[in-house]
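Working notes for the structure below.
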Amino acid sequence: MSQPPAFESRIRPPHELDRWIGQLPRPLVFTNGVFDILHRGHVTYLARARALGAALLVALNSDASARRLDKEPGRPINALEDRLAVVAALGAVDAVTWFDGDTPEALIAACRPEVLVKGGDWPRERIVGGREVLARGGQVVSIPFEHERSTTALVRRIRGG
(Lines give C-alpha, C1' and ligand atoms only; values in the text may rest on other atoms or scores of the structure.)
Protein backbone atom coordinates (compact mmCIF):
# COMPACT_ATOMS: atom_id res chain seq x y z
CA MET A 1 0.00 0.00 0.00
CA SER A 2 1.31 3.44 -0.85
CA GLN A 3 1.95 6.26 1.58
CA PRO A 4 -0.96 8.62 2.27
CA PRO A 5 -0.71 12.03 0.63
CA ALA A 6 1.46 14.49 2.58
CA PHE A 7 -1.49 16.79 3.33
CA GLU A 8 -3.07 14.13 5.53
CA SER A 9 -0.36 14.77 8.14
CA ARG A 10 -2.02 18.16 8.68
CA ILE A 11 -5.15 16.48 10.07
CA ARG A 12 -4.68 16.59 13.83
CA PRO A 13 -6.98 14.85 16.34
CA PRO A 14 -8.31 17.21 19.02
CA HIS A 15 -7.80 14.62 21.77
CA GLU A 16 -4.05 14.74 21.03
CA LEU A 17 -3.87 18.55 21.05
CA ASP A 18 -1.25 18.65 23.81
CA ARG A 19 1.07 16.57 21.62
CA TRP A 20 0.85 18.63 18.41
CA ILE A 21 -0.12 22.22 19.24
CA GLY A 22 3.46 23.14 20.17
CA GLN A 23 4.66 22.13 16.70
CA LEU A 24 2.76 24.99 15.06
CA PRO A 25 4.71 28.24 14.66
CA ARG A 26 3.51 31.33 16.49
CA PRO A 27 1.72 33.65 16.12
CA LEU A 28 -1.02 31.09 15.59
CA VAL A 29 -4.17 32.04 13.68
CA PHE A 30 -7.34 30.08 14.53
CA THR A 31 -10.56 29.90 12.58
CA ASN A 32 -13.45 27.50 12.45
CA GLY A 33 -16.45 26.53 10.39
CA VAL A 34 -18.21 23.73 8.55
CA PHE A 35 -16.40 24.19 5.20
CA ASP A 36 -18.80 21.75 3.55
CA ILE A 37 -18.48 22.52 -0.17
CA LEU A 38 -15.47 24.76 -0.68
CA HIS A 39 -15.77 27.76 -2.95
CA ARG A 40 -13.77 30.85 -3.88
CA GLY A 41 -15.00 32.75 -0.83
CA HIS A 42 -13.66 30.05 1.49
CA VAL A 43 -10.21 29.79 -0.06
CA THR A 44 -9.80 33.57 -0.27
CA TYR A 45 -10.86 33.89 3.38
CA LEU A 46 -8.41 31.18 4.49
CA ALA A 47 -5.55 32.80 2.55
CA ARG A 48 -6.31 36.17 4.20
CA ALA A 49 -6.49 34.50 7.62
CA ARG A 50 -3.15 32.71 7.10
CA ALA A 51 -1.47 36.02 6.23
CA LEU A 52 -2.22 37.27 9.77
CA GLY A 53 0.26 34.92 11.47
CA ALA A 54 2.90 32.22 11.13
CA ALA A 55 0.46 29.27 11.03
CA LEU A 56 -3.25 28.71 10.40
CA LEU A 57 -5.24 26.15 12.38
CA VAL A 58 -8.74 25.44 11.06
CA ALA A 59 -11.26 23.68 13.32
CA LEU A 60 -14.21 22.03 11.59
CA ASN A 61 -17.61 21.38 13.09
CA SER A 62 -18.20 17.64 13.40
CA ASP A 63 -21.13 16.32 11.39
CA ALA A 64 -23.40 16.39 14.46
CA SER A 65 -22.26 19.90 15.38
CA ALA A 66 -22.86 21.10 11.81
CA ARG A 67 -26.39 19.65 11.79
CA ARG A 68 -27.20 21.61 14.95
CA LEU A 69 -26.37 24.89 13.18
CA ASP A 70 -29.77 24.92 11.46
CA LYS A 71 -28.35 24.47 7.98
CA GLU A 72 -30.83 23.03 5.54
CA PRO A 73 -31.71 19.30 5.78
CA GLY A 74 -29.10 16.85 4.55
CA ARG A 75 -26.16 19.04 5.54
CA PRO A 76 -23.33 18.72 5.75
CA ILE A 77 -23.15 17.17 2.29
CA ASN A 78 -19.58 15.99 2.84
CA ALA A 79 -18.72 13.91 5.91
CA LEU A 80 -16.19 15.25 8.42
CA GLU A 81 -13.44 12.89 7.21
CA ASP A 82 -13.77 14.26 3.66
CA ARG A 83 -14.02 17.90 4.77
CA LEU A 84 -10.87 17.47 6.89
CA ALA A 85 -8.93 16.08 3.93
CA VAL A 86 -10.01 18.82 1.53
CA VAL A 87 -9.21 21.64 3.98
CA ALA A 88 -5.89 20.00 4.91
CA ALA A 89 -4.90 19.96 1.23
CA LEU A 90 -5.14 23.76 0.97
CA GLY A 91 -1.81 25.57 0.87
CA ALA A 92 -2.91 28.20 3.39
CA VAL A 93 -3.73 25.61 6.07
CA ASP A 94 -1.03 24.35 8.46
CA ALA A 95 -3.29 22.10 10.53
CA VAL A 96 -6.93 21.08 10.69
CA THR A 97 -8.84 19.54 13.57
CA TRP A 98 -12.47 19.29 14.65
CA PHE A 99 -14.88 19.85 17.52
CA ASP A 100 -18.21 18.33 18.43
CA GLY A 101 -19.64 21.10 20.59
CA ASP A 102 -21.91 23.89 19.48
CA THR A 103 -18.93 26.25 19.55
CA PRO A 104 -15.15 25.78 19.47
CA GLU A 105 -14.73 27.71 22.74
CA ALA A 106 -12.92 24.90 24.62
CA LEU A 107 -10.62 24.25 21.66
CA ILE A 108 -9.76 27.95 21.37
CA ALA A 109 -8.94 28.06 25.08
CA ALA A 110 -6.69 25.00 24.73
CA CYS A 111 -4.90 26.29 21.59
CA ARG A 112 -4.40 29.83 22.90
CA PRO A 113 -4.13 31.45 19.46
CA GLU A 114 -2.68 34.92 19.11
CA VAL A 115 -5.15 35.71 16.31
CA LEU A 116 -8.78 34.59 16.13
CA VAL A 117 -10.62 35.13 12.86
CA LYS A 118 -14.08 34.66 11.37
CA GLY A 119 -15.71 35.80 8.17
CA GLY A 120 -17.22 39.23 7.64
CA ASP A 121 -20.69 38.09 8.66
CA TRP A 122 -19.40 37.84 12.24
CA PRO A 123 -19.02 41.12 14.17
CA ARG A 124 -15.85 41.01 16.28
CA GLU A 125 -17.77 41.26 19.54
CA ARG A 126 -19.78 38.09 18.71
CA ILE A 127 -16.80 35.86 17.85
CA VAL A 128 -16.67 33.00 20.34
CA GLY A 129 -13.44 33.04 22.36
CA GLY A 130 -12.65 36.60 21.32
CA ARG A 131 -12.78 38.09 24.78
CA GLU A 132 -10.21 35.61 26.07
CA VAL A 133 -7.88 36.10 23.09
CA LEU A 134 -8.04 39.88 23.56
CA ALA A 135 -7.40 39.50 27.31
CA ARG A 136 -4.15 37.67 26.49
CA GLY A 137 -3.06 40.52 24.20
CA GLY A 138 -4.10 38.81 20.95
CA GLN A 139 -6.32 40.11 18.22
CA VAL A 140 -9.76 39.22 16.92
CA VAL A 141 -10.43 39.87 13.24
CA SER A 142 -13.59 39.75 11.16
CA ILE A 143 -12.33 39.34 7.59
CA PRO A 144 -14.57 41.14 5.08
CA PHE A 145 -16.04 39.08 2.25
CA GLU A 146 -14.29 39.61 -1.07
CA HIS A 147 -16.42 37.18 -3.06
CA GLU A 148 -20.09 36.82 -2.26
CA ARG A 149 -20.35 33.06 -2.26
CA SER A 150 -22.41 30.69 -0.14
CA THR A 151 -22.42 26.91 0.20
CA THR A 152 -26.15 27.10 0.94
CA ALA A 153 -26.73 28.96 -2.34
CA LEU A 154 -24.59 26.41 -4.21
CA VAL A 155 -26.56 23.51 -2.73
CA ARG A 156 -29.84 25.17 -3.75
CA ARG A 157 -28.56 25.65 -7.31
CA ILE A 158 -27.42 22.01 -7.49
CA ARG A 159 -30.82 20.84 -6.23
CA GLY A 160 -32.57 23.07 -8.75
CA GLY A 161 -34.02 25.45 -6.18
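Overview of values
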{"quantity": "Rel. contact order, % - alpha carbon contacts under 8 angstrom, at least six apart, the range 75-134", "calculated": "25"}
{"quantity": "Ellipsoid equivalent to the chain - semi-axes via the Cα gyration tensor, in Å", "calculated": "23, 20, 15"}
{"quantity": "Surrounding net charge for residue 86, when Lys and Arg each add one and Asp and Glu each subtract one, Cβ distance under 12 Å", "calculated": "-2"}
{"quantity": "Extreme residue, positive dipole direction of the chain, given options 110, 122, 4 (C-beta unit charges)", "calculated": "122"}
{"quantity": "Protein accessible area in the chain, 1.4 Å probe - carbon and sulfur %", "calculated": "52"}
{"quantity": "Relative contact order of the chain, defined on C-alpha pairs under 8 angstrom at six or more residues apart (%)", "calculated": "28"}
{"quantity": "Local net charge near residue 124, Cβ-Cβ under 13 Å (Lys/Arg +1, Asp/Glu -1)", "calculated": "+1"}
{"quantity": "DSSP-assigned coil residues among chymotrypsin sites (Phe, Trp or Tyr not before Pro) in the range 48-150, each with at most 15 further Cβ atoms within 10 Å", "calculated": "145"}
{"quantity": "Selection from 89, 160, 140, by position along the positive dipole direction of the chain (Cβ)", "calculated": "160"}
{"quantity": "Sum of -39500 (n - 2.57) over DSSP H runs of 4+, divided by residues of the chain (222 nm, nearest 500)", "calculated": "-8000 deg cm²/dmol"}
{"quantity": "Residues of the range 11-118: accessible area per residue with a 1.4 Å probe, Å²", "calculated": "43"}
{"quantity": "Exposure of residue 82 as accessible area (Å², to 10), given a probe of 1.4 Å and all protein chains", "calculated": "80"}
{"quantity": "Mean Cβ neighbour count within 10 Å, used as a protection proxy, ranking 45-52, 103-110 highest first", "calculated": "45-52, 103-110"}
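The values are calculated or read from the model by the stated rules, or taken from the named source; none is laboratory data. Everything numeric in this text was worked out from a predicted model, so none of it was measured. Methodologically, a virtual Cβ is constructed for each residue, glycine included, from the backbone with ideal geometry; neighbour enumeration extends over all protein chains shown. Accessible surface areas use protein heavy atoms only, side chains included; no ligands, DNA or RNA. Shrake-Rupley method; radii C 1.70, N 1.55, O 1.52, S 1.80 Å.
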